[in-house]
Amino acid sequence: MKISIFGLGYVGAVTAACFARDGHEIIGVDVSPEKVALINAGKSPIVEHGLEELLAEGVRSGRIRATTNSEEAILASDASLISVGTPPTERGETDLQYVFNVLKDIGAVISQKSAPHAIVLRSTVPPGTLQRCHDFLAEVVNLKSIHLAFNPEFLREGTAIRDYDQPPYTIIGTEDDFAEKAVREMYAKVAAPFIVSPPPVAEMVKFVANTWHATKVTFANEIGRIAKSFQIDGRDVMDIIVQDTKLNISTTYMRPGFAYGGSCLPKDLGALLYCAKAMDVPVPLLNAIPRSNTLQVEIAVQEVMRSPARRIAIFGLAFKPGTDDLRESPAVLLVKRLIGEGYEVKIYDKAVHEARLVGTNLAYIERNLPHFEALLVEEPEAALKDAEFAVFTYSTPEFCQVMLNIPQNIRILDLAGLVSEPLVGKDYHGIAW
Ligand SMILES: NC(=O)c1ccc[n+]([C@@H]2O[C@H](COP(=O)([O-])OP(=O)(O)OC[C@H]3O[C@@H](n4cnc5c(N)ncnc54)[C@H](O)[C@@H]3O)[C@@H](O)[C@H]2O)c1
């Protein structure tokens, strides 16, 4: 492919060099004449292991050249990749002026081309940006000539070429077939799966990946600080933690849904926070966890309160399916809040109901939740009778069936993701989807 790359910084220079090595013909564009001159001389504009050799080879073979003339580059290429900076403004908002400057250049030229031209945004941008790019271009060019995709970059400085060659996946955020095909062709030599998603999802994935990495660093640092206060080497602790690939470093507990609860997570996190406090170790990230968890319950309450419904059916009272354990269950908190707001509540939870019959958790309910006894019903139908709103706090096949059969007039709040797509023809709501 003939590809023009706008912005020859860390991302653009590495992408140019790797694309050329993989057989593409690259025209680099930058507003900096110095960077353009360096590239044309086969020199790297940045310090990056192995980059200068690749760039020099690309220039020698005639597969890389650079220019400050964007018009010439667009006319001579099949696709443009935008990798200009997107720095934060003083308020922390992403400054998109460089992206729009490039789009202005592209918009002024692509109508002169007879062949379709793909525009691939590689810079990191907030959700909704590709749509803004589309609207911006639609002001100046025919809709049919707009072929946009968002393709986030995951390289790390210092290991950029290796990261380019071995990404976890290549994301194509687009709904445009021509742009998708162009991105697939660009990375044809990279041995990684393609993931095609709606543009805002892809845009958010890039932000979330970096936020997750920052969270991991900070989490490990806070654990290290607590460990040291107990004369424990924090590295020894985390070495063992990361060896558990079933629960710790895994996909478990990584889906949005309802709040955590139960007899262990809240208690043990609380105990570790107490240790940190007792040792005067500041751990703001860990301290925020219980607060954020309680907020998840409160957001569910607000979601119920937003509707005029007064009679609520709750599906799931324990903190997860298959247990009658009500200790620290977020659903218990939810019901308490709703009762406090004057709602009429009925609760269906098979395990809790059965355990109550045989008396295993009867004492707990009698002691801690005496007012819940009268609210528990035996069958889903009894919970739904006269209900105006059904709230599902966890997922079971039985609950899925109930949800699928709920009449249209009963509003649904799915806190646990029982279905992966909003239910068509039902008054279906979630708080993270
Ligand atoms: N640096 C990284 O490790 C990394 C990794 C992944 C994603 N990203 C993202 O990639 C984007 C680029 O980052 P970077 O570190 O390569 O930036 P950079 O600042 O190193 O390079 C940006 C380049 O764009 C040029 N430029 C500005 N306006 C231009 C225009 N109108 N036409 C042509 N060139 C123009 C600048 O002169 C500069 O050379 C950012 O959105 C960044 O968040 C960076």
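In segment 47-54, is there at least one residue being in contact (Cβ under 8 Å) with a residue 60 or more places away in the chain, away from the ligand (no atom under 14 Å from the Cβ) and touching a Lys or Arg at 6+ places or on another chain (Cβ under 8 Å)? Checked against the condition, which is being in contact (Cβ under 8 Å) with a residue 60 or more places away in the chain, away from the ligand (no atom under 14 Å from the Cβ) and touching a Lys or Arg at 6+ places or on another chain (Cβ under 8 Å), segment 47-54 yields at least one hit. Exactly one residue out of Ala108, Ala115 is away from the ligand (no atom under 15 Å from the Cβ) and over 23 Å from the mean Cα position of the chain (by Cα), and it is Ala115. May I ask you to verify whether Lys43 is of a type in the set (Lys, Arg), within 12 Å of the ligand (Cβ to nearest atom) and modelled with pLDDT of 95 or more? No, not satisfied. So for segment 264-272 (the condition being touching a Lys or Arg at 6+ places or on another chain (Cβ under 8 Å) and over 27 Å from Thr124 (Cα atoms)), does at least one residue qualify? No, that holds for no residue. If I filter segment 226-246 for residues that are under 28 Å from Lys350 (Cα atoms) and either out of contact with any His (no Cβ under 6 Å at 6 or more places or on another chain) or exposed (fewer than 13 other Cβ atoms within 10 Å of the Cβ) (or both), do I get at least one hit? The answer is no, given that none of the residues of segment 226-246 is under 28 Å from Lys350 (Cα atoms) and either out of contact with any His (no Cβ under 6 Å at 6 or more places or on another chain) or exposed (fewer than 13 other Cβ atoms within 10 Å of the Cβ) (or both). The listed residues are Gly92, Gly128, Gly85, Gly62, and the only one of them that is surrounded by fewer than 18 Cβ atoms within 10 Å (Cβ to Cβ), within 11 Å of the ligand (Cβ to nearest atom) and of a type in the set (Gly, Ala, Ser) turns out to be Gly85.
Looking only at residues of segment 142-160 that are closer than 21 Å to Ala202 by Cβ and near the ligand (Cβ under 9 Å from one of its atoms), we find that the one that is surrounded by the fewest Cβ atoms within 10 Å (Cβ to Cβ) is Arg156.
What strands (runs of 3 or more DSSP E) completely inside segment 1-107 contain at least 1 residues that are over 22 Å from Ala149 (Cβ atoms)? Spell out how you get there, then give the answer.
Working: elements: 2-6, 25-29, 64-67, 79-82.
Per the criteria, 64-67.
In summary, helices (runs of 4 or more DSSP H) completely within segment 192-306 and bearing 3 or more residues that are closer than 19 Å to Leu333 by Cβ and free of Cβ contacts under 8 Å to residues at least 12 places away in the same chain occur at 284-305.
The values are calculated or read from the model by the stated rules, or taken from the named source; none is laboratory data. On a predicted model such as this, the values are computed, not experimentally measured, just so you know. Cβ sites come from the backbone with ideal geometry, for glycine too, and all protein chains shown count toward neighbours.
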